[in-house]
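The values are calculated or read from the model by the stated rules, or taken from the named source; none is laboratory data. Everything numeric in this text was worked out from a predicted model, so none of it was measured. Neighbour counts run over all protein chains shown; Cβ positions are idealised from the backbone, glycine included. Keep in mind that these areas ignore ligands, DNA and RNA; they rest on the heavy atoms of the full protein, side chains included. Shrake-Rupley method; radii C 1.70, N 1.55, O 1.52, S 1.80 Å.
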Amino acid sequence: MLSDPGVCPSLAKKGAPRCALRSFCRKIPVSALLLAGVGMLIAFLGTLGCLVPAPGLSMSMAEGDTLISVDYEIFGKVQGVFFRKYTQAEGKKLGLVGWVQNTDQGTVQGRLQGPTSKVRHMQEWLETKGSPKSHIDRASFHNEKVIVKLDYADFQIVK
């Protein structure tokens, strides 16, 4: 236990080496230094993926930073209506990477990669909105997996 909680620990001990930032340390309460240290530890553990969601957080909120990859195919009137262009624009707006292309079967297919919450938003957009002149009958999502890093640098239209 420190004798004076308002003084740097190196200044509080007799015979301890003098603090290099003596005047600076005297102005910062130890509680603030400890709090800053805890914040740095939490940030570091977060980058390692060591943190668990806080009680009361739903899984969808907690999984928002996990990177996932998912393949998709969209059925309906989705060719000749700028569906790929709008898909690319929406993906870029959300900060996602991947690709989109027309198929010989008249569908549009592709891959999405990014944080789970953003991918979920894009999946909903693909199922319900699309381009202004498109008509979506159904959307199929498959091969969903957690990834460690993104496989693409941006969102491409494949010709």
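Numbers at a glance
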quantity	calculated
Residues (surrounded by 11 or more Cβ atoms within 10 Å (Cβ to Cβ) and either outside any loop (DSSP other than H, G, I, E, B) or without any contact (Cβ under 8 Å) to a residue 12 or more places away in the chain (or both)) located in the range 104-117	Val108, Gln109, Gly110, Arg111, Leu112, Gln113, Gly114, Pro115, Thr116, Ser117
Residue list for the range 123-146, filter: buried (at least 16 other Cβ atoms within 10 Å of the Cβ) and over 20 Å from the mean Cα position of the chain (by Cα)	Gly130, Ser131, Ser134, Ile136, Ala139
Conditions (1) under 12 Å from Tyr72 (Cα atoms); (2) of a type in the set (A, V, I, L, M); (3) touching a helix residue (DSSP H, G or I) at 6+ places or on another chain (Cβ under 7 Å): number failed by Ile157	(1)
Subset of the range 64-103 [part of a strand (DSSP E or B) and hydroxyl-bearing (Ser, Thr, Tyr)]	Ser69, Tyr72
Residues located in the range 135-159, provided they are in contact (Cβ under 8 Å) with a residue 60 or more places away in the chain and not in a strand (DSSP E or B)	Ile147, Val148, Lys149, Leu150, Asp151, Asp154
Condition broken by Arg120, with the remaining ones in (1) assigned to a helix (DSSP H, G or I); (2) open to solvent by 70 Å² or more (accessible area, probe 1.4 Å); (3) farther than 22 Å from Thr66 by Cα; (4) basic (Lys, Arg) satisfied	(3)
